[in-house]
1. Along the positive direction of the dipole of the chain (beta-carbon charges: Lys, Arg +1; Asp, Glu -1; about the Cα centre), which of L142, A104, F17 reaches farthest?
2. About the Cα centre of the chain, how large is the charge dipole given +1 on each Lys and Arg Cβ and -1 on each Asp and Glu Cβ? Please answer in debye to the nearest 20.
3. Checking the table K74/K199; K163/K199; K88/K199 against a 25 Å threshold on Cα-Cα, which pairs fail?
4. Under a point-charge model restricted to the Cβ atoms of Lys and Arg (+1) and Asp and Glu (-1), what is the dipole moment magnitude of the stretch 124-207 relative to its Cα centre, in debye to the nearest 20?
5. Antiparallel DSSP bridges in the chain: what percent, to the nearest 5?
6. Quick check on the exposure proxy: order T62, T41 from fewest to most C-beta atoms within 10 angstrom.
7. Putting +1 on Lys and Arg Cβ atoms and -1 on Asp and Glu Cβ atoms, find which of G73, G56, Q46 reaches farthest to the positive end of the dipole of the chain.
8. For a quick check: with amide H placed at 1.01 Å from N, whose amide H comes under 5 Å from N170's, ignoring anything fewer than 5 positions away on the same chain?
Amino acid sequence: MVGADGQTHQGSFDLSFMRCIPNMVIMTPSDENECRQMLYTGHMHQGPSAVRYPRGSGTGVTPTTEMTALPIGKGVIRRESQQAAEAKAPRVAILSFGTLLSYALDAAESLDATVADMRFVKPLDESLILELAATHDVLVTLEENAIAGGAGSGVNEFLMKQKILKPVLNLGLPDRFIEQGTQAELHAMLEIDAAGIEKQIRAYIES
């Protein structure tokens, strides 16, 4: 979402159309430090790569001085659910791609959900997806991209290939051209801000 740049400039489809390009590495930084390291990773990588460079300012993290090439296709857990295995409520894992991570972490507090910063749309961190699918009842993918063909679609495809039947809620942009508005207004309208994410997950679990 680009806010003041206007409706025709909304970046809604890039993850979807780049996913089908062979050998493509697609990175989605969650903050300014990750963005910096991913640009370096793309520079060092011997092959085509893309960094989804977000509009606006970062979250305010302090960038590391040293430039480090990230391991290709590896995400990181940012929050672990403390929910006991015998709890009645479903155990939820949010797989976040990109700058909506801060919203995911906020929503996860009240849901007591695990949150993974997936970092890479392609290649996906398949071992992390398998781990989360084995230890959680519901998976939620989150991206600021069209749901159709996006990162969540990649997660669905991988789970089906592995014959893993797991409830998956894909959160992202609906199948329409997105209206004009500030980033905050659009996130709230599309229910991909913290309150909207929590609302959608609770509705999915209770349905």
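1. Checking the options against the dipole of the chain, the answer is F17.
2. 560
3. Pairs exceeding 25 Å: K74/K199; K163/K199.
4. So the magnitude is around 320 debye.
5. Percentage antiparallel, nearest 5: 20.
6. T62, T41
7. Q46
8. T141
Read the figures in this text as sums done on the coordinates, not as results from a lab. As the structure is a prediction and not an experimental result, all values here were calculated from the model. Cβ sites come from the backbone with ideal geometry, for glycine too, and all protein chains shown count toward neighbours.
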